[in-house]
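Remarks on the structure that follows.
The values are calculated or read from the model by the stated rules, or taken from the named source; none is laboratory data. These figures come from a predicted structure and were not determined experimentally. Positions of Cβ are backbone-derived with ideal geometry, glycine not excepted, and every protein chain shown enters the neighbour counts. The protein model used for the area step is the full one, side chains on, heavy atoms only, and it has no ligands, DNA or RNA in it. Shrake-Rupley method; radii C 1.70, N 1.55, O 1.52, S 1.80 Å.
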Amino acid sequence: MNGNDRWSEAAPLVTGLLAESGYDCGLVGKLHLSGTAGKIEHRPSDDGYRVFEWSHSPRDRWARGMNQYVDWAKSKGAEFGGREDTLLNSTPELHQTTWCADRAIDFIESTGEAPWLLSVNIFDPHKPFDPPEEFLTRYNPEDLPDPLFRESDFASQKALSNVDFQTECRDPKRFKARELKAAYYAMIELIDENVGRMLDALESTGQRENTLVIFMSDHGEMLGDHGLLLKGCRFYDSLVRVPLILSWPGKIGRGTINSGLVELTDIAPALF
């Protein structure tokens, strides 16, 4: 949640319910059940997490001891700054995406006999569009397609300007949309590589066949389509068609596609 002070204790979390049933639960990255502007996120008293490696975003905007990724990166010599307070000497090894995967692998390799659930909540792909240079150079902005935009978008978006939140409609050339798209694709590739590392850890520890993996995102990104950027309240495919992939060898058929209309709130009832 973006603005609320706390999560209602009356609403149980999946991890709280699973912990009561004997699951060992861990979190790496975001939780975002309450607002986080410059303060540590409020945790429900019974969230069920034994391991809690919190890093809402890769920005250096929290006091020491609060954003565990930033503290770790600084201990490795990383520097933060600029308008977004982000990593200045970004490398794949120091990036928050890699840190999330590293912490997840530590958890996977240390599990005991109890069943477990691990929430790995990577911040990217997201503003401020800061993939490591090594990944960014793999995408030439000039080779990427232009956003879906036409002059009539100005009038369409102006008619919706008082509807919740969304960026101002602008010609995508004004904010170099192709360059942002290249950075977005680079962030996705870094995530893909690190998801592969986590799956490899499940394989090497003999847990892959007994683990349900759910890969999902909470929102999309306009990337200049209709003259807009970032997330928002529009129901364009760019925002609402997010990944939802379930993988469980021997239990879920490989390559099965379901075209039903679902949302992320459907996942918890399906699990139980």
Single condition L246 does not satisfy, out of (1) over 20 Å from D171 (Cβ atoms); (2) in a loop (DSSP other than H, G, I, E, B) | (2)
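Name the residue, out of L223, L239, that is open to solvent by less than 30 Å² (accessible area, probe 1.4 Å) and part of a helix (DSSP H, G or I). Explain how you work it out, then say what you get.
On the way: L223 fails: part of a helix (DSSP H, G or I).
When all the criteria are applied, what remains is L239.
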State all residues of segment 75-110 that are over 20 Å from the mean Cα position of the chain (by Cα), loosely packed, with under 15 Cβ neighbours inside 10 Å and outside any strand (DSSP E or B); if no residue qualifies, say none.
-> S75, K76, G77, E79, G82, R83, L88, N89, E109, S110
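Within segment 139-171, work out how many residues are in contact with an Asp or Glu (Cβ under 7 Å, 6 or more places away or on another chain) and either aromatic (F, W, Y) or assigned to a loop (DSSP other than H, G, I, E, B) (or both).
Of all residues in segment 139-171, those in contact with an Asp or Glu (Cβ under 7 Å, 6 or more places away or on another chain) come to 141, 147-149, 169.
From the residues that got through so far, the ones that are either aromatic (F, W, Y) or assigned to a loop (DSSP other than H, G, I, E, B) (or both) too are 147-149, 169.
Of the residues in that region, 4 qualify.
Do the conditions hold for I191, that is, is it outside any strand (DSSP E or B), at pLDDT 95 or above and among the hydrophobic types (A, V, I, L, M, F, W, C)? Walk me through it before giving the result.
Details: outside any strand (DSSP E or B): yes; at pLDDT 95 or above: yes; among the hydrophobic types (A, V, I, L, M, F, W, C): yes.
Judged against the criteria, I191 is a match.
Rundown of residues vs (1) modelled with pLDDT of 95 or more; (2) at positive phi; (3) part of a loop (DSSP other than H, G, I, E, B); (4) open to solvent by 30 Å² or more (accessible area, probe 1.4 Å), yes/no style:
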| position | (1), (2), (3), (4) |
| --- | --- |
| G22 | yes, yes, yes, yes |
| G26 | yes, no, no, no |
| H32 | no, yes, yes, yes |
| S57 | no, no, yes, no |
Of the residues that sit in segment 160-188 and are open to solvent by 60 Å² or more (accessible area, probe 1.4 Å) and of a type in the set (F, W, Y), which one is modelled with the highest pLDDT?
-> Y185
Just give me the residues in segment 246-270 being among the hydrophobic types (A, V, I, L, M, F, W, C) and either touching a residue at least 24 places away in the same chain (Cβ under 8 Å) or surrounded by 10 or more Cβ atoms within 10 Å (Cβ to Cβ) (or both), in sequence order.
-> L246, W248, I252, V262, L264, I267, A268
